[in-house]
Amino acid sequence: QNTPIGKKLAALARRMRERIDDYLRFAHDPHHCPFDNNPAEREVRMVKIRQKISGAMRTLTGAEHFCHLRSYLATATKHGINLYDALVQLTSGRPWIPAIS
């Protein structure tokens, strides 16, 4: 436990003991609290990959267009809409819009 890794593991174990309810919250109600935060991370992954490849967005307008398109496609995916169909509708001037619930 005197090694840097041992100290980190001990600190993790202490935090888990102190906050066990937080760590296991997903086990009590899996529908209310997801097991991980991957859906949120997936939403921003493409932006980060694009930044890595090109270094940055070239213009603010280009960044806004990219984010609008990513948001549109992510929302369509969550609603079970075929992405090709959503893009065809968008480019035909009649974009798919989710129903208000």
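Among the numbered conditions (1) modelled with pLDDT under 85; (2) in contact with a helix residue (DSSP H, G or I) (Cβ under 7 Å, 6 or more places away or on another chain); (3) in a helix (DSSP H, G or I), tell me where MET57 comes up short.
(3)
If I ask for residues that are open to solvent by less than 70 Å² (accessible area, probe 1.4 Å) and closer than 27 Å to ALA56 by Cα, which ones from the stretch 67-82 would you list?
CYS67, SER71, TYR72, LEU73, ALA74, THR75, ALA76
How many of the residues making up the stretch 1-21 are open to solvent by 100 Å² or more (accessible area, probe 1.4 Å), modelled with pLDDT under 90 and part of a loop (DSSP other than H, G, I, E, B)?
The number of residues fulfilling the criteria is 2.
The values are calculated or read from the model by the stated rules, or taken from the named source; none is laboratory data. Small disclaimer: the values here were computed from a predicted structure and weren't measured. Please note: Cβ atoms are built from the backbone with ideal geometry, for glycine as well, and neighbour counts cover all protein chains shown. For the accessible areas, the whole protein counts, side chains as well, though only heavy atoms, and no ligand, DNA or RNA atoms are used. Shrake-Rupley method; radii C 1.70, N 1.55, O 1.52, S 1.80 Å.
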